[in-house]
Each structure stands twice: as structure tokens, then as C-alpha cells.
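I have placed the structure first, in the form of C-alpha cells, so that the comments after it can refer back to it.
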Amino acid sequence: AETKQSLAVTVTEHIALALANLKLRETLRNQSVRDPLTGLFNRRYMEESLERELSRANRNRRTLAVVMIDIDHFKHFNDTYGHEAGDTLLRELGSFLQSSVREGDIACRYGGEEFLLILPEVSTAATLHRADQIREEFKQKTIRYSGKSLGNVTLSLGVALFPTHADSVGALLRMADQALYRAKE
């Protein structure tokens, strides 16, 4: 009986250690692909996903859209309300984007106040409509920080599609960035 109990304790300890290792591994993986502020996928994950999705779209003769998103006048916003309010705004936009994409779409923080959506198998018209819908819906949101409204926040968006506008990841990102720049003008 004593030997069986000792064996049971040893097996239990090994199982507990294995489960703790699995949990730690999952936590580390999540930290390596997620932006800690917004909870969206980070740029590294975005680059890997965009390569994979472009290859899939090319192989299956499908479209792939990217929507580059920038918060208008973010520096002025930070200067006026402070960096903590800016972080609140980034978190709110991250949450909004996550709830605005279809299953299979990928919402990422590109860097700073720029975000990127990867939308597989979508038409140009549908992408433009969705981008405009996101812009309009976010403009209507009331963002609050320390109990105060931060006013209306607007976004600029740039859209590019494979194969219509570009045939590589780099070209697709450049085209979306150029479209974003035109939108900001």
C-alpha cells in the first residue's frame, strides 16, 4: 500500500509539472504573437500571417485584402490628454477592431497608432465598404478616460488587394500605405 501511494504521489507530481510546463509554454507563445496593450496580434505575427495568406490566395486563385488603419492626429491627442489616455484609445480601437472582423480575418497592431487587417477572400467592393463602415462606426464611439469623454476620434484607412493592386507582401503593404497616405490628405 505504501509503495502504491508513493507511486501515485510521484505520478501526480509529474503530471502537475507537465501541466505547468504546458501552461507556461502557451503563455510564452501568446506573449510572442500578441501586442500586450491591445491584445491584437503583433507585427511579427502579422508578417508571418500575411505571407501565409498571400501564398494561400495565390495557390487558390483568391483575393486577399489588407486594410491599413491610422488614428488621425494621435500625437496631438497624446499631447492634449496624456499617454495613459492614448493607451486607453489604442486599447479601445484594438477591442473594436477585434469585434469588427469576420472569423478567419486577422486584426493586428502594425506599430504605434497603426493597425492592419488581413481579410482573405473578399472583393474590392466589400473591402471598401467594410473599411468605410469601420471608419464611420469608430467615429461615432465615445471613448472615455478618467470619467471624461475624449471627443470624437477619427481614423484614416488605406486598402489594397491581391492580385488587383499588388502581387507580393511588400508591394501589398506599400500600396495600402500609399492609400492610407492619400486618405490622410
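Just a few scattered comments:
- Compared with the alpha-carbon gap, the fully stretched path from HIS73 to THR3 is longer by 18.2 nm at 0.36 nm per residue.
- Sparse packing (at most 16 other Cβ atoms within 10 Å of the Cβ) combined with a DSSP loop state is found for the following trypsin sites (Lys or Arg not before Pro) in the stretch 48-126: ARG61, ARG62, ARG102.
- 3J(HN,Hα) along the stretch 76-85: 4, 4, 4, 5, 7, 9, x, 5, 5, 5 Hz, from the Karplus curve 6.51 cos²θ - 1.76 cosθ + 1.60 with θ = phi - 60°, whole Hz, x for Gly and Pro.
- Per residue value of the accessible surface for the stretch 69-141 (all protein chains in place, 1.4 Å probe), Å²: 49 Å²
- Dipole-positive endmost among PRO36, THR154, THR127 within the chain (Cβ charges, Cα centre): THR127
- Among (i) 58, 39, 28; (ii) 79, 50, 22; (iii) 39, 36, 27, the entry that matches Cα extents along the principal axes in Å as calculated here: (ii)
- Of the beta bridges in the chain, as assigned by DSSP with both residues counted there, near 95 percent are antiparallel.
- Between GLN140 and THR10, full extension at 0.36 nm per residue minus the direct alpha carbon distance yields a gain of 40.9 nm.
- Förster radius 35 Å - calculated FRET efficiency between ARG44 and LEU17, Cβ distance, rounded to 0.05: 0.75
- Portion, in percent, of the accessible area of the stretch 1-101 that falls on carbon or sulfur, probe 1.4 Å: 52 percent
- For the stretch 39-132, GluC sites (Glu not before Pro) are listed when DSSP marks them as loop and at most 10 other Cβ atoms sit within 10 Å of their Cβ; the list is GLU103.
- Paramagnetic label zone (point 7 Å from Cα along Cα-to-C-beta, LYS184; backbone N under 19 Å) in the stretch 44-69: 66-69
The values are calculated or read from the model by the stated rules, or taken from the named source; none is laboratory data. These figures come from a predicted structure and were not determined experimentally. Every residue, glycine among them, receives a Cβ derived from its backbone with ideal geometry; neighbour counts consider all protein chains shown. When the accessible area is computed, the model is the full protein with side chains, heavy atoms only, and any ligands, DNA or RNA have been set aside. Shrake-Rupley method; radii C 1.70, N 1.55, O 1.52, S 1.80 Å.
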